[in-house]
Amino acid sequence: MTTQASLDLKGVAESQRAVIWREAAGSFFPGLTIRDLHGTPNVGSVEGSEFSLGSIWTVLSPPVAVNYLPQAETPAARQSFTVLLQLQGGMAAEQRHRHCHLQAGDMCLMDEQSPFTLEVHDCFSHFMLMRMPRWMIVDGYPRIGDYTASLIYGDDPGATLLRKMLQHVHDISPFLNDSQCDVAFASVAQL
């Protein structure tokens, strides 16, 4: 697995942290802009890696509000459908007039074909993203778009299986060969 990008604000001068965090948002996730950054970030890190047909990311975000707008130049074949897993802290998500507030262990889906917002009110939010090709998810589950920004509760048995699988895949992904990555990725997409 090849590392795509990483940033840790610990290595950035405090006076430059807000500027760097704003620039990094759109750089790592095209279409994402920071609407409101609440003060100078004390924490902030992003790490992302390719994973089979998609990618896996972990984000430790300071208090912030972000907007996502689909990029006109991004071909539909490159748009992603994302499963978001809240690891620590909390975060609010909104897409297609649906809202949810994630706490540790909760998950939700986000679709890059439509605008969405994410907002961190607490002192931080630590979450994981698994981005998958949109065509792969929507072709298999045509109505899945009706469930974006809807809470997948951490104590639901299916959600528990998916959460544990996502965490485990993230932990072992650097050690998997390409074939193993493909199988793990397909398993998460099916689940």
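The values are calculated or read from the model by the stated rules, or taken from the named source; none is laboratory data. Source: prediction; values computed, not measured. Note that we place each Cβ from the backbone using ideal geometry, even for glycine, and neighbour counts take in every protein chain shown. Remember, those area values only see protein heavy atoms, side chains included, never the ligands or the DNA or RNA. Shrake-Rupley method; radii C 1.70, N 1.55, O 1.52, S 1.80 Å.
Tell me, what is the percent relative contact order of region 46-131, built from C-alpha pairs under 8 Å that lie six or more residues apart?
Values: 198 pairs, mean separation 36.2, N = 86.
Computed value for region 46-131: 42 percent relative contact order.
When the Karplus curve 6.51 cos²θ - 1.76 cosθ + 1.60 is applied with θ = phi - 60°, which whole-Hz ³J(HN,Hα) does each residue of region 109-124 get, with x for Gly and Pro?
Values per residue, Gly and Pro as x: 10, 9, 10, 6, 7, 10, x, 8, 10, 10, 9, 9, 9, 6, 6, 6 Hz.
At 1.4 Å probe size, with every protein chain present, just tell me what the per residue accessible area of the chain comes to in Å². Numbers along the way, then the final one.
Numbers: 9640 Å² over 191 residues.
Ligands and nucleic acids excluded, the figure is 50 Å² per residue.
At a 1.4 Å probe radius, carbon and sulfur cover how many percent of the accessible area of the chain? Walk me through the intermediate numbers first.
Working: 5190 of 9640 Å².
So the carbon and sulfur contribution to the accessible surface is 54 percent.
I'd like the accessible area for H126, computed on protein heavy atoms only with a 1.4 Å probe and all protein chains in place. Round to 10 Å², please.
50
Once you order the gyration tensor axes a ≥ b ≥ c over the Cα atoms, which shape class does region 1-83 get: rounded for a/c under 1.5, otherwise prolate or oblate by comparing a/b with b/c? Could the numbers behind the result be given before it?
Working: a/c = 2.42, a/b = 1.48, b/c = 1.64.
In terms of gyration-tensor shape, oblate.
Using only helices, what value at 222 nm comes out for the chain when you add -39,500 (n - 2.57) per DSSP H run of length 4 or more and divide by the total residues, to the nearest 500 deg cm²/dmol? Kindly include the intermediate steps, with their values, before the conclusion.
On the way: 4 runs with 48 residues, N = 191.
My calculation for the chain gives -8000 deg cm²/dmol from helical runs alone.
If you place +1 on the Cβ of every Lys and Arg and -1 on the Cβ of every Asp and Glu, how big does the dipole about the Cα centre of region 30-120 come out, in debye to the nearest 20?
Dipole about the Cα centre, nearest 20: 120 debye.
At R0 = 25 Å, how high is the FRET efficiency between M165 and D36 if r is their beta carbon distance? Nearest 0.05 is fine. Walk me through the numbers on the way to the answer.
Numbers: r = 34 Å, r/R0 = 1.35.
That gives a FRET efficiency of 0.15.
Would you work out which of H101, S55, A5 lies farthest towards the positive end of the dipole of the chain? Charges go on Cβ: Lys and Arg +1, Asp and Glu -1.
Farthest along the dipole direction, towards plus: H101.
Taking a point 7 angstrom from the Cα of S15 along the C-beta vector, which residues in region 41-55 have backbone N less than 17 Å away?
Label zone hits: 41.
By the gyration tensor of its Cα atoms, with a ≥ b ≥ c the square roots of the eigenvalues, what is the shape of region 56-170: rounded for a/c under 1.5, prolate for a/b over b/c, or oblate? All intermediate terms of the calculation are to be shown ahead of the outcome.
Values: a/c = 1.59, a/b = 1.19, b/c = 1.34.
Because a/c hits 1.5 or more and a/b fails to exceed b/c, region 56-170 counts as oblate.
Tell me which residues come under 5 Å, amide H to amide H, from D122 once H is placed; ignore anything under 5 positions away on its chain.
HN-HN under 5 Å from D122: G90.
Would you mind putting 41-48, 26-33, 7-14, 81-88 in packing order, based on average other-beta-carbon counts within 10 Å, highest first? It would help to have the intermediate numbers written out before the result.
Numbers: 41-48: 18.2, 26-33: 16.1, 7-14: 13.2, 81-88: 21.1.
Going by the mean number of other Cβ atoms within 10 Å, highest first, we get 81-88, 41-48, 26-33, 7-14.
Under 5 Å between amide hydrogens, which residues at least 5 positions from G105 or on another chain qualify, with H placed 1.01 Å from N in the peptide plane?
Hits under the 5 Å cutoff: Q86, L87.
Let me make sure I get this right: for region 102-191, a, b and c are the square roots of the gyration tensor eigenvalues over alpha carbons, sorted descending. Under 1.5 in a/c it's rounded, otherwise prolate if a/b > b/c, else oblate. Which is it? Please list the in-between numbers first.
Numbers: a/c = 1.62, a/b = 1.19, b/c = 1.37.
Oblate, since a/c reaches 1.5 and b/c is not below a/b.
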